[in-house]
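See structure below.
Bear in mind these aren't lab numbers, they're just calculated from the coordinates by the rules spelled out. From a predicted model like this one, the values you see are computed outputs, not experimental measurements. Please note: Cβ atoms are built from the backbone with ideal geometry, for glycine as well, and neighbour counts cover all protein chains shown.
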Amino acid sequence: MANILVTGGAGYIGSHACKALAAAGHTPIAYDNLKTGWRDAVQFGPLVEGDLRDRAALEAALTEWRPAAVLHFAALIEVGASVHDPARFWNNNVLGTMGLLDAMAATGVDRLVFSSTCAVNGDLDGVEVDETTPFGAISPYGTTKTAAEMMIADYARASDLRALRFRYFNVAGADPDAQVGEHHEPETHLIPVTLQAVRGTRPSLKIFGDDYATRDGTCLRDYVHVCDLVDAHVAAIDYLERDTRAPVLCLGTGRGLTVREIIEASEAVTGETVPHEMAPRRAGDPASLVCGSELARAELGWIPERSTPQQMIGDAWRWHQRAGYKS
Ligand code: UDP
């Protein structure tokens, strides 16, 4: 059992990773600048408040805690914001990753699990994405994650660094105990927005387009339960010790759910009607995104068994009734 540094450990996925690491007997050390993360989300190990570009703070944390591995989640993630302010994304996501790799090299920490995205692949409408899908990002968010992936691959080729990169699309749900959950401000993601409409904390859900070429005209996405997702990251720590055959693994269910199906499932879970209205298409939304994970199943034995609409929405609903973090 080991110390594991979790960058972005106060964020949505990072906080769930910390809980899963603690449950597996590890000590998660959350490293987070708290710009989009939450102090209250850090409950399973210490918090080191710092930025990835603060080399001295990062090296001090790595030297103090001597982690066996780093799980690297910290990043700016909003695609729309990246289009308007690419410099902020390149600075944070690319220079931040470079600062991390250099600090790891300087302190002899040489195991890394990187949280990437199928957005590195670009315009994938209707094609099931897997590890062989070529790079082709179409947003600065996607290009900065591509650059970070390439940087990690280059460093790994030239040093003792062993790294695994995960790519995924839509992460959903929450800790079934509702200790941690999804809390973004402002919130833009479909399931939390739907549940806010049910709770009345927003007037209604706007459905962005119903004339797409999908089974009911609304966009189709591959949703993975955050707890399934972080299980893959915890399994990756052992995987890096025994094997590094796959430098990249995709994490998806291979099935999609439409916006209307999410609404129906939310109504079944909550027993309430979801107030909704039609709205124009959102710029940049492809009709259909689905991600295969046969290789992750083969390499890690990963099965996303909690990624059903009932469980993702049910767990998110319990969390939403707690109304998020205060600080
Ligand atoms: N969506 C919607 N209304 C909303 C938020 C999202 O209709 O208020 C749709 C969006 O067009 C997309 C899907 O829900 O097809 C998932 O969007 P989200 O922002 O959750 O994730 P993305 O797929 O953009 O990463």
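When the trypsin sites (Lys or Arg not before Pro) in the range 282-326 are filtered for DSSP coil states and for at most 15 other beta-carbon atoms within 10 Å of their beta-carbon, the remaining sites are Arg282, Lys326. Neighbours of Thr214 by Cβ distance under 12 Å: Lys/Arg scored +1, Asp/Glu scored -1, total -3. Only beta bridges with both residues in the chain are counted; by DSSP, about 5 percent of them are antiparallel. Considering all different alpha carbon pairs of the range 59-182, the Kirkwood hydrodynamic radius works out to 15.7 Å. With contributions of -39500 (n - 2.57) from each DSSP H run of at least four residues, the per-residue ellipticity at 222 nm computed over the chain stands at -11500 deg cm²/dmol.
Checked against a 23 Å cut-off, the cross-linked pairs Lys206/Lys326; Lys19/Lys206; Lys35/Lys326 give Cα-Cα distances beyond that limit for Lys206/Lys326; Lys19/Lys206.
Selection among Gly108, Val129, Gly173 by position relative to the dipole of the range 80-217 gives Gly108 as farthest towards the positive end (Cβ unit charges, Cα centre). Only Cα pairs under 8 Å and 6+ residues apart enter the sum, and on that basis the relative contact order of the range 154-293 stands at 36 percent. Treating each Cα of the range 213-310 as an identical point scatterer and summing with the Debye formula, the log10 of I(q)/I(0) at q = 0.21, 0.23 Å⁻¹ comes to -1.07, -1.18. About its Cα centre, the dipole of the chain is roughly 360 debye, where the only charges are +1 on Lys and Arg Cβ and -1 on Asp and Glu Cβ. In the chain, the longest principal axis of the Cα atoms and the axis of helix 55-65 are about 80 degrees apart.
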